[in-house]
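Have a look at the structure below, then the notes.
Where a number appears in this text, it was derived from the coordinates with a stated rule and is not lab data. It should be emphasised that the depicted structure is a prediction, and the values quoted were computed from it without experimental measurement. Glycine gets a Cβ as well: all are built from the backbone with ideal geometry, and neighbour counts include every protein chain shown.
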Ligand SMILES: N[C@@H](CCC(=O)N[C@@H](CS)C(=O)NCC(=O)O)C(=O)O
């Protein structure tokens, strides 16, 4: 069984949450945007079913919204807890990742995606300052607690094995270290750092990160490095 991932070809962005799950599971998939270009991604949104990518399809259906996609595929990819209540908790936390990612995006686009960054730089600086002082520690403390409240799990967020939520936290931490290295350096996130190191060492993830399939972070995606939005260098 193969999957088709529809996502913009030049950024890791939200598509990366889905890509990491497919890569970690060793699932066959076509990265349609990278194979056929952005027009093929725009094409699938014309039928009125999907508003925005990422979209994941198999032979019989297509699904959008990261958290919804991961809820769909995490069981077949064996990246979900077995227990039904744990599954719901995982999905709930994945929706918190969705909220977090929206706030990270809004640091550079507080007035919305239809204006360029240069047209909203001043507001972005104000938004980022509040994000760094209030929201970033709040979200990271929460996910630290998620990990430390599951003490005998081997370091996973839910249950006793790696799930799509752990892979998502990996992507968020990598993205934040790219976008806000100075702000992150001032926060203590030992459990998230340990999770990030362990996931980077997983065989299929390590191979993926080394491969041309993995796109570097850049200033077109969700996680952007604008030094003026980070804490100043010490
Ligand atoms: N809630 C959606 C958000 C999807 C989204 O914002 N996609 C971006 C790319 S990362 C996009 O292309 N949006 C187009 C638009 O908002 O007009 C999800 O979690 O997948």
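With helices as the sole contributors, the chain gives -15500 deg cm²/dmol at 222 nm; each DSSP H run of n ≥ 4 counts as -39500 (n - 2.57), and the sum is divided by every residue. Taking 186, 61, 23 in turn, the Gaussian network model of the chain (Cα-Cα springs below 10 Å) assigns the largest fluctuation to 61.
The fraction of Cα-Cα pairs per 10 angstrom bin, counted from 0 for segment 84-203, comes to 13, 42, 30, 13, 2 percent, rounded to whole percents.
Applying Stokes-Einstein at 10 °C and 1.306 mPa s to the Kirkwood radius of the chain, computed over alpha-carbon pairs, gives a translational diffusion coefficient of 87 µm² s⁻¹. Bridge orientation summary for the chain: considering DSSP beta bridges with both residues in this region, about 65 percent are antiparallel. Approximating the spin labels as points 7 Å out from Cα along Cα→Cβ, the residue 233-to-residue 220 distance works out to 2.8 nm.
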